[in-house]
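Student: Sharing a structure, written as structure tokens. Questions coming.
The values are calculated or read from the model by the stated rules, or taken from the named source; none is laboratory data. In this text the structure is predicted, and so the values were computed from the model without any measurement. Note that we place each Cβ from the backbone using ideal geometry, even for glycine, and neighbour counts take in every protein chain shown. We work out accessible area using only protein heavy atoms, side chains counted, and drop any ligands, DNA or RNA first. Shrake-Rupley method; radii C 1.70, N 1.55, O 1.52, S 1.80 Å.
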Amino acid sequence: VQLQASGGGLVQAGDSLRLSCAASGRTLSRCFMGWFRQAPGKEREFVTTITSSGTTRYADSVEGRFTISRDNAKNTVYLQMDMLQPEDTAVYYCAAGCGSYRPLRSSHFYHYWGQGTQVTVSS
């Protein structure tokens with residue numbers, strides 16, 4: 001399975017971005033998918049996840065500003081990021097895991113990872 005993330009860029013505080021993550025090599029419609037991020041000098045952290053049935057969970061820091069969605073027909077997951085803040089600056093990674101129907105926050109449960117896309121928010 002390969003995950004290809006795209007959509008990152010340089011924006012100003014308050015702007016929006018939409019990240020995409022397209023999967024190939026396997027249909028992930030029955031798998032959970034998520035986004036993680038890693039800022040310089042910090043550990044990778046959970047951002048959001050979506051189960052195969054559409055249940056979502058968000059980190060407190062992005063709740064109400066970010067929205068995860070998926071299009072199973074396109075084998076793609078999206079991350080709509082609104083009201084971006086400088087503290088959202090990080091490399092964003094999409095990930096997928098199979099074998100559970102629960103919304104899982106720990107990276108240990110995710111088997112497949114994309115290459116990351118840089119999001120930079122200037123103040």
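Student: Please give the net charge around T48, taking every other residue with its beta carbon less than 15 angstrom from that of T48, where Lys and Arg add +1 and Asp and Glu add -1.
Tutor: Here the count lands on +3.
Student: May I pose another question? Taking the Cα centre of the chain as origin, sum charge times position over the Cβ atoms of Lys and Arg (+1) and Asp and Glu (-1), and report the length of that vector in debye to the nearest 20.
Tutor: 500 debye
Student: Taking amide H positions as placed 1.01 Å from N in the peptide plane, with prolines and chain starts having none, which residues 5 or more places from L84, or on another chain, fall under 5 Å of its amide H?
Tutor: Here G14, D15 satisfy the definition.
Student: Placing +1 on the Cβ of each Lys and Arg and -1 on the Cβ of each Asp and Glu in the chain, which of S20, Q115, G99 has its Cα farthest towards the positive end of the resulting dipole?
Tutor: Of S20, Q115, G99, it is G99.
Student: Can you work out the accessible area per residue across the chain, with the rest of the protein chains kept in place, probe 1.4 Å, in square angstrom?
Tutor: For the chain, the solvent-accessible area averages 51 Å² per residue.
Student: What are the ³J(HN,Hα) values, in whole Hz, obtained from phi via the Karplus relation 6.51 cos²θ - 1.76 cosθ + 1.60 with θ = phi - 60°, for each residue of segment 101-106 in sequence order, with x given for Gly and Pro?
Tutor: The phi angles translate into 10, 8, x, 9, 9, 7 Hz.
Student: Which value in Å is the Kirkwood Rh of segment 18-123 over different Cα pairs?
Tutor: Evaluated on segment 18-123, it is 13.7 Å.
Student: Just the accessible area for F66, please: 1.4 Å probe, Å², rounded to the nearest 10?
Tutor: F66 exposes around 10 Å² with every protein chain in place.
Student: Could I ask something else about it? Could you work out what % of the accessible surface of the chain is carbon and sulfur, using a 1.4 angstrom probe and leaving DNA, RNA and ligands out of the count?
Tutor: 45 percent
Student: Tabulate in residue order the Karplus-calculated ³J(HN,Hα) for segment 27-34, using 6.51 cos²θ - 1.76 cosθ + 1.60 with θ = phi - 60°, rounded to whole Hz; enter x for Gly and Pro.
Tutor: Once rounded to whole Hz, the list reads 6, 9, 4, 9, 10, 8, 10, x.
Student: Here's another thing I want to ask about it. Read phi for every residue in segment 86-96 and hand back ³J(HN,Hα) as whole Hz from Karplus 6.51 cos²θ - 1.76 cosθ + 1.60, θ = phi - 60°, with x for Gly and Pro.
Tutor: Listing the rounded values in order: x, 6, 7, 4, 4, 8, 9, 10, 8, 8, 9 Hz.
Student: Just to make sure I understand: if all protein chains stay in place, what is the order of T56, T49, T67 by accessible area at 1.4 Å, largest first?
Tutor: Largest accessible area first, the residues go T67, T56, T49.
Student: I'm checking a number: the convex hull volume of the Cα atoms of segment 66-122, normalised per residue, in Å³. What is it?
Tutor: 107 Å³
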